[in-house]
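All remarks here apply to the structure that follows.
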Amino acid sequence: MSESTASANAASRSGPGRVLVALYALFALAATARAGVQIATRFQEAPLAYLLSLVAGIIYIIATVGIARSGRTSHRVAMVSCAIELCGVLAVGTLSLLDPAAFPDDTVWSRFGSGYLFIPLVLPVLGMLWLRHVEKGRTAEKAQAA
């Protein structure tokens, strides 16, 4: 394992990195489990909302793994996941306000995540900032080593 990989690995396993991974894991579990129960028991009531919640859960799972792992590829996948997540929150949040009838039941991203204290709106921004911070540290270490 290279020094920069070890450093990035350590960053995701301590302090803010650990908190971020824990938050993502919590949201991955919550969104996926909630969507699974809703799809299994009341899918016909709000299929769009429940499928969007499942999509959100899958994106949270991918982001969690990407942030927790230390490789460049993992972090790129996590960055893309966070960007998709942010676009999803903004799109679904806007649509849920403009056309509430299209969302008879909430998704994780409805009203910009208001049912989850707006954490779904803030989480992808924090994720992207963290990944950028880790990448800058990796780049600085390379420059020092050269």
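The values are calculated or read from the model by the stated rules, or taken from the named source; none is laboratory data. Since we're looking at a predicted model, the values are computed, not measured. No Cβ is skipped: glycine too gets one built from the backbone with ideal geometry, and neighbour counts run over all protein chains shown. For the accessible areas, the whole protein counts, side chains as well, though only heavy atoms, and no ligand, DNA or RNA atoms are used. Shrake-Rupley method; radii C 1.70, N 1.55, O 1.52, S 1.80 Å.
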Seminar exercise, completed: Checked against (1) at pLDDT below 90; (2) of a type in the set (A, V, I, L, M, F, W, C); (3) under 12 Å from the mean Cα position of the chain (by Cα), C87 satisfies every condition except (1)
Seminar exercise, completed: Exception for A28 within (1) at pLDDT 90 or above; (2) farther than 23 Å from G71 by Cα; (3) surrounded by 14 or more Cβ atoms within 10 Å (Cβ to Cβ) falls at (2)
Exercise. In segment 3-25, how many residues are open to solvent by less than 60 Å² (accessible area, probe 1.4 Å), closer than 20 Å to K136 by Cα and either modelled with pLDDT under 55 or not hydroxyl-bearing (S, T, Y) (or both)?
Worked result: 12
Seminar exercise, completed: Counting only residues in segment 53-91 that are β-branched (V, I, T) and open to solvent by less than 10 Å² (accessible area, probe 1.4 Å), the one farthest from G17 (Cα to Cα) is identified as V89
